[in-house]
Number of protein chains: 2
Amino acid sequence: MAIAPDPTALGLDRLSMNLGTLGPGRPADEVLDACARAGIRTITPWRYSYEAAGVSAFARSMRRHGMVASSVCRIARLGGADTPPAWRNAIEEGRAVLDEAAELGASSVTVIGGGMADGSRSLDDARARLRDGVQQLAGHARSVGVALALEPLHPMVAADRGCISTLAQALELAEQAGDDIGIMFDCYNSWWDPALPRSIPAAASRLLGFQVADWLVPTQDLVLDRGLMGDGVIDFRHLRGMAEAAGYAGCIEVEILSSRFWQQETESIVAQVVERFTGCC
Amino acid sequence: MAIAPDPTALGLDRLSMNLGTLGPGRPADEVLDACARAGIRTITPWRYSYEAAGVSAFARSMRRHGMVASSVCRIARLGGADTPPAWRNAIEEGRAVLDEAAELGASSVTVIGGGMADGSRSLDDARARLRDGVQQLAGHARSVGVALALEPLHPMVAADRGCISTLAQALELAEQAGDDIGIMFDCYNSWWDPALPRSIPAAASRLLGFQVADWLVPTQDLVLDRGLMGDGVIDFRHLRGMAEAAGYAGCIEVEILSSRFWQQETESIVAQVVERFTGCC
């Protein structure tokens, strides 16, 4: 049975702060302190978020701050791994991120497609490698109790970052790869997709996350020019309404990858995210 | 019955030079002379290609050079026309471009979606306006003997230029708008689309054009950083094979919108296009 859409303002209990919003290079304690002071209790670390401190120390610090991790970013190299050494590295990276996610208590790891390999011009080949890699990692994921969540990226990064470009395609691949393979939905990557009214309900039972960042007009960089919610054109409440009508009740994860944003102070970024989250999402 | 794909090199008889490859500001005679000397006999003018000379003088010059126009670019404002004056302007522009295309002897005019209106954040509204506008222009198109060809643009320009983002969506809209509404397929805009193996055959009977420009890695501008065929990652022969297997036998139109390309001499651009067309398409 469909649940009625809920277009009302969100409370901070629904927010997961994706630490990609703060970019690389900030001390872990500074990041966790700022989030905790702002009332944020759920985070999504990137590997760079905990690399300097070490994953165990980062996990302890999270617990001291009363925080949980909803997800970890990310497994990223499978599609482009077209040589045996690249394939071994990609699988090793996948296992390591899954182990780290388990130690952080995260329930899922995001998997992006990766790009076409340098020597190949075939998206189909990259997509087949991704499917094989996800199947190969699925057993380890089950054994550590962390789900794999396939994320379609925006078609503008299909060549070099994400060979999976639509939600329908991510769903098809997840269905091929196994019953317990999930999906991460990112409004920034998929807001333009005319098939969403069909593919969101179709993917609902596998939906493990829902990310937000706004599409700026003009957009000046294909990777690091995402906008704060409300500064662009995406209707988040409409998209959230579709996901919730299909049964999604999990976190709304704020992932604003922005080189301009990253130049600001930690406190300032966190404050802006909190304000816009409750006002625009 | 499906025609077997033809992955062999193309002859210049299949080439249509989209004059957007040469950019605005070049004298019409310089452009037509350079194309004619290179053996190009089919062109696709933009409005700026003939505005300075006037459409009648441009048409005469085309005939003197033994040239024909395959298509004209373009009707572009329907999706964004959310006020009565903007709507009237968009429809007037549409009628004018159709009249000009008829005078140039072109068989079709490309119609892009236009962006979301400034005051609106609804792609659905923009798409509905586009459908209404195409329906409204269809009678005039028939009366002047020129077909409307809907072109899906890349999702990265959905907000501000083209609210139609996939071939499947263009086909759905064409089917709603009328039996004689065609489709323009642009490899640059659609190469990433995982649905092409289904949507190209589905759209085949309406396919009025097939455009090429390469996807560069990295891409540094969302509009004017297209690449010469062979400088990027798109497998044109694979895509052309799909279109030809579905029955397409028309022009292959070279449309390289590139601010870097536009800085070069007319002769040089034309020579590079001819070389890469036969080598890579």
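The values are calculated or read from the model by the stated rules, or taken from the named source; none is laboratory data. These numbers come from a predicted model, not from an experiment. Note that each Cβ is placed from the backbone with ideal geometry, even for glycine, and that neighbours are counted across all protein chains shown. Only protein heavy atoms, including side chains, enter the accessible area calculation; ligands, DNA and RNA are left aside. Shrake-Rupley method; radii C 1.70, N 1.55, O 1.52, S 1.80 Å.
Values for this structure:
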{"read-out": "Per-residue SASA entry for B:Val144, accessible area with 1.4 Å probe, Å² rounded to 10", "value": "40"}
{"read-out": "Length added when fully stretched, A:Val68-A:Asp132, from 0.36 nm per residue minus Cα-Cα", "value": "20.0 nm"}
{"read-out": "Exam field: A:Gly66 pseudo-label spacings to other copies (7 Å along Cα-Cβ), nanometres", "value": "8.3"}
{"read-out": "Built amide H within the under 5 Å cut-off of B:Gln211, gap 5+", "value": "B:Phe185, B:Asp186, B:Cys187, B:Glu253"}
{"read-out": "Solvent-accessible area buried by pairing A with B, both sides, nearest 100 square angstrom, 1.4 angstrom probe", "value": "2200"}
{"read-out": "Sulfur and carbon atoms: percent of accessible area, the stretch A:12-280 [1.4 Å]", "value": "48"}
{"read-out": "Backbone HN-Hα couplings from phi across the stretch B:258-275 [Karplus 6.51/-1.76/1.60, Hz, Gly and Pro as x]", "value": "8, 5, 6, 4, 5, 7, 8, 5, 3, 4, 5, 4, 4, 5, 5, 4, 4, 4"}
{"read-out": "Fully extended contour minus Cα-Cα distance, from B:Glu92 to B:Asp124, at 0.36 nm per residue", "value": "9.2 nm"}
{"read-out": "Solvent-accessible area of A:Glu100 with every protein chain in place, 1.4 Å probe, in Å² to the nearest 10", "value": "30"}
{"read-out": "Kirkwood-Stokes translational diffusion coefficient of the protein assembly as shown, alpha-carbon pairs, 37 °C, 0.692 mPa s, µm²/s", "value": "132"}
{"read-out": "Mean separation of Cα contacts under 8 Å (6+ apart) over length of chain B, as relative contact order %", "value": "22"}
{"read-out": "Rounded accessible area per residue of chain A, 1.4 Å, Å²", "value": "38"}
{"read-out": "Euclidean distance of C-alpha centroids, the stretch A:67-96 and the stretch B:151-211, integer Å", "value": "34"}
{"read-out": "Accessible surface of A:Glu265 - all protein chains present, 1.4 Å probe, nearest 10 Å²", "value": "140"}
{"read-out": "Relative contact order %, the stretch B:120-259, counting alpha carbon pairs below 8 Å whose residues are six or more apart", "value": "20"}
{"read-out": "Given charges at beta-carbon only (K, R positive; D, E negative), |dipole| of the protein assembly as shown in Debye", "value": "280"}
{"read-out": "Two-decimal Rg/Rh across the stretch A:80-153, once Rg and the Kirkwood Rh are taken from alpha-carbon atoms", "value": "0.99"}
{"read-out": "Computed log₁₀ I(q)/I(0) - Debye formula, equal Cα scatterers, no solvent, the stretch A:12-280, q 0.09, 0.12, 0.17 Å⁻¹", "value": "-0.37, -0.68, -1.44"}
